[in-house]
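Here the structure is laid out as structure tokens; the discussion comes afterwards.
The values are calculated or read from the model by the stated rules, or taken from the named source; none is laboratory data. Fair warning: this is a prediction, and the values are worked out from it, not measured in the lab. No Cβ is skipped: glycine too gets one built from the backbone with ideal geometry, and neighbour counts run over all protein chains shown. Only protein heavy atoms, including side chains, enter the accessible area calculation; ligands, DNA and RNA are left aside. Shrake-Rupley method; radii C 1.70, N 1.55, O 1.52, S 1.80 Å.
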Amino acid sequence: MSENRAMEFGPDDVTAARATLAQARDGEVVSVVILTDEEVTILDGLEHEQLVPTPWIDAQGPTADRSLMGRVALRSLVSREMVLPAGTDAEGRVTGIKAHPGITGPLVLRRSAQEILSAERTSANGKDWLFAYVHHEDGRSTVLEEEITGEGHHAFSVYPQALLGERFERFIDPTGTALLGTAPRTYSAAEFEAAVPTLPQLREAVAVSIVSGVARGSDKLVNASVYAGPHGVHVVRGTEHDAQGAPVTLTLQETGSRGLRALPSELVPA
């Protein structure tokens, strides 16, 4: 990045972002870089609120010194020549850094996407997250993906938007049990709350994902809940909402592979 204490996208940053998108190849998912919570935080700027969870940092507790963790991470990045000092003060202390374009590109792209989709998955292994930053440029739609483990590792990759549905299906249906699609069943909010304990398709889920999507310039965040279990995958959607945005009616529907792959386009329609 241009400077580790300010979010400034200069010409080099834009060039790095475009070079990252250019790595995408039809039918392939291309790995770009893996960073830790601490590395993402210091490179993005300690003063900037993170767009995504930082589970390892959060696990250190509210009194943990995030600045110290960031400085330690920066020292490691410099030692591996992934980051170079770009300025020093009168006492020789580093005041600015310049990251390798392979790092700069993803960090710029996650802040400049036209659409963002996310999935938070809860399972017996804890929580994991998938973020997809969609970019439309020169007639081509490309995704920067950020997959975050509960241990705080952020794996960045790029691919054509045509693979987005497949990537989300892989993440929210880890056991591959999405086979059949059925007609939705409608509940009022009160009926659904009362029915949840009696619904085996929800009680037996081995992975529960909250999937969301939003387009740039819109304050409308669309959500769906996905329950993946040993006997199928079921999606819960709010179909009517009150003035505060809470669902008044919901639908429960078993969904097949095709339905899961269509979820991203339903959350952020073209």
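Quick notes on this one:
- Of H100, F131, V235, farthest towards positive along the dipole that unit charges on Lys, Arg, Asp, Glu beta carbons give the chain: V235
- Diffusion coefficient (Stokes-Einstein, Kirkwood radius over C-alpha pairs, 20 °C, 1.002 mPa s) for the range 11-72: 155 µm²/s, rounded to a whole number.
- In degrees, nearest ten, helix 11-22 long axis to first principal axis of the chain (Cα): 40 degrees
- Assigned charges on the beta-carbon of Lys, Arg, Asp, Glu; the range 150-270 dipole about Cα centre (debye): 300 debye
- Label separation (V72 vs A189): 4.4 nm, computed from points 7 Å beyond Cα along the C-beta direction.
- Probing with 1.4 Å while keeping every protein chain in the model, the per residue accessible area of the chain equals 51 Å².
- Other residues whose C-beta falls under 13 angstrom from the C-beta of G150 contribute a net charge of -4, scoring Lys and Arg +1 and Asp and Glu -1.
- Base-10 log of normalised Debye intensity for the range 1-172 (one unit scatterer per alpha-carbon) at q = 0.15, 0.18 Å⁻¹: -0.85, -1.18
- The residues packed around R216, meaning those with a beta-carbon under 14 Å from its beta-carbon, carry a net charge of 0 if Lys and Arg are +1 and Asp and Glu are -1.
- The residue among S257, Q201, T186 whose Cα reaches farthest toward the positive pole of the charge dipole of the chain, with charges on the beta-carbon of Lys, Arg, Asp and Glu, is S257.
- Rounded to whole numbers, the Karplus 3J(HN,Hα) couplings from phi for the range 69-81 are 4, x, 5, 5, 4, 4, 4, 5, 4, 5, 5, 8, 6 Hz, using 6.51 cos²θ - 1.76 cosθ + 1.60 with θ = phi - 60°, and x at Gly and Pro.
- Normalised Debye scattering of the range 173-269 at q = 0.18 Å⁻¹ gives log10 I(q)/I(0) of -0.86, counting only Cα atoms as equal scatterers and leaving out solvent.
- For E115, distant residues with modelled amide H under 5 Å away: V134, R216
- Packing-based order for 158-170, 188-200, using average beta carbon neighbours within 10 Å, highest first: 158-170, 188-200
- Gain on full stretching of the segment that runs from D58 to E137 - 0.36 nm per residue minus C-alpha separation: 24.9 nm
- Accessible surface of the chain, 1.4 Å probe, proportion on carbon and sulfur as whole %: 53 percent
- Annotation: D173 carries an accessible surface of approximately 10 Å², with a 1.4 Å probe and no ligand, DNA or RNA atoms counted.
- Secondary-structure-derived ellipticity at 222 nm for the chain, considering helices only, amounts to -8000 deg cm²/dmol, per-run term -39500 (n - 2.57) for DSSP H runs with n ≥ 4.
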